[in-house]
Structure formats: C-alpha cells, structure tokens
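Asker: Starting off with a structure, shown below.
The values are calculated or read from the model by the stated rules, or taken from the named source; none is laboratory data. Bear in mind the structure is a predicted one, so any value in this text is a computation, not a measurement. In this analysis, Cβ positions are derived from the backbone assuming ideal geometry, glycine residues included, and neighbour counts consider all displayed protein chains. Remember, those area values only see protein heavy atoms, side chains included, never the ligands or the DNA or RNA. Shrake-Rupley method; radii C 1.70, N 1.55, O 1.52, S 1.80 Å.
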Amino acid sequence: RKYALELGLANSSFKLAHAESLPFADEAFNIVSCKLALHYFTDPQRTIREMNRVAKSGARLILIDRVSSEDQNKRDYHNRIEKLRTPSKIKVYSTSEITDLMKGQGLSILHTHYYEQHQDFEEWIKTTGASEENQQHARQLIGSSLKEDLTGLKVRLESGKLRMTHTAAILVAKVRERK
C-alpha cells in the first residue's frame, strides 16, 4: 500500500485472500494472473476455476510458474529436491499438466512462452532456510544428476560451482464467451 501511494496509485486496493476462494464478483476483471504460486496450492484446479470465475467473458488469464520436465521420472526426482528445499511446496508441474488444468476449466491457451533462470545451487538451496539435513540430502540428489540428467534441470559444474537451470512458463489463455 505504501509503495502504491508513493507511486501515486491512489485508486489501488489490496485484499488478502485464499486463491481457492477469491473475494470478488463473477466476471470482475479483464486480466487475471497468478505468478510463481501454482506450485504451492493444494487444489490447483480449484484455484484456476476461481481465476476463471472472476475473469470477464473473453478476458485473458495469465499463469506464470516454474515448470518441470514432461518426463515423469525426472519430474518426480526434481520435486523430491524442491520439497527438501521448501516443504510447503506441493508440486512443480510440467507445462502439459498446467495446460490440462487450464483447459479443464474451458480456457483456450493462446500463447506459451518460456524463459530460463540459471542458478547457483548453493545460493538457491539456502534462500528458504531449509534444515541442514534437507540441504545435504538435496545436494546428494542434485549431485547424482551431474552424469545423467535425472532432474531435467540441466545440472552442471561451472568454475567449480554446481549450477542448474529452472525453466518458467508464461501461459496466456482466453476465457470462453459466457452466455
């Protein structure tokens, strides 16, 4: 709120709510977005249903999140590491899983764009305050992915540092015309 006021955005309002039960009227917005949060929701289908509900007919729904491999084994391995780092994380989905969730709500995917985030493993693992035991277990799992890509994260050594690449997807969908 303070930042919005500093920018002169006096017509802004803020609400704290659960994504699975948004406090807005049906068809209230032209654009509805969710950025880097889907992997925390216990019921992502319900969250997308709510996003769709509050979007106007023909509106755009934009979902941005890190994505995991389409290969189930790599996705499972990747998610083991993610849970060690951030136990509150439910699941990092593949693009096709997110697309299916969105299509399941009658949304039409207009565009999907990807970007990569190259990261130092040690910096990444320490940012959430994971226990030393979890950090060590995650190090072992990610290190095992050096010879063969078990994670889909392009794990590698660069200048003696363990590096990986997260992929994020931006999915833009159109809300179907309502009667």
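Asker: Determine the share of the chain's accessible area contributed by carbon and sulfur atoms, expressed in whole percent, with a 1.4 angstrom probe.
Answerer: Ligands and nucleic acids excluded, carbon and sulfur reach 51 percent.
Asker: For all pairs of alpha-carbon atoms in the range 1-134, what percent lies in each bin of width 10 Å, listed from the first bin to the last filled one?
Answerer: Bins of 10 Å from zero give 10, 34, 32, 21, 3 percent of pairs.
Asker: Report the charge-dipole magnitude of the chain in Debye, nearest 20, computed about the Cα centre from +1 at each Lys and Arg Cβ and -1 at each Asp and Glu Cβ.
Answerer: Once rounded to the nearest 20, the dipole reads 460 debye.
Asker: Can you pull the accessible area of Ile170 for me, 1.4 Å probe, Å² to the nearest 10?
Answerer: The accessible area comes out at roughly 40 Å².
Asker: Any idea of the accessible area per residue across the range 1-97, 1.4 Å probe, to the nearest Å²?
Answerer: 58 Å²
Asker: While we're on this one: Tell me, what is the Rg over Rh of the range 63-179, with Rh the Kirkwood radius over Cα pairs?
Answerer: Over the Cα atoms of the range 63-179, Rg/Rh equals 1.05.
Asker: Taking +1 at the Cβ of each Lys and Arg and -1 at the Cβ of each Asp and Glu, which of Leu141, Phe121, Leu63 sits farthest along the dipole of the chain towards its positive end, judged by Cα position relative to the Cα centre?
Answerer: Leu63
Asker: Could I ask something else about it? With every protein chain kept in the model, how would you rank Arg49, Arg156, Arg1 by accessible area, 1.4 Å probe, largest at the top?
Answerer: Ranked from most to least accessible, the order is Arg1, Arg49, Arg156.
Asker: Select from Leu16, Leu162, Leu84 the residue whose mean-square fluctuation is largest in a Gaussian network model of the chain (Cα-Cα springs shorter than 10 Å).
Answerer: Looking only at Leu16, Leu162, Leu84, the largest GNM fluctuation is found for Leu16.
Asker: Still on this structure, I have one more. Quick one: work out the % antiparallel among DSSP beta bridges in the chain, nearest 5.
Answerer: Looking only at bridges with both residues in the chain, the antiparallel portion is about 75 percent.
Asker: Moving to a separate point now. Where in the range 11-36 does the label zone of Thr127 land, with the point 7 angstrom along Cα→C-beta and an amide N cut-off under 20 Å?
Answerer: Only 34-36 fall inside the zone, counting backbone N under 20 Å.
Asker: Next question, about the same structure. Might you tell me the accessible area per residue for the range 120-179, computed with a 1.4 Å probe and given in Å²?
Answerer: Dividing the accessible area of the range 120-179 by its residue count gives 57 Å².
Asker: Calculate, for Ala10 and Lys35, the FRET efficiency according to 1/(1 + (r/R0)^6) with r their C-beta to C-beta distance and R0 30 Å; round to the nearest 0.05.
Answerer: 0.80
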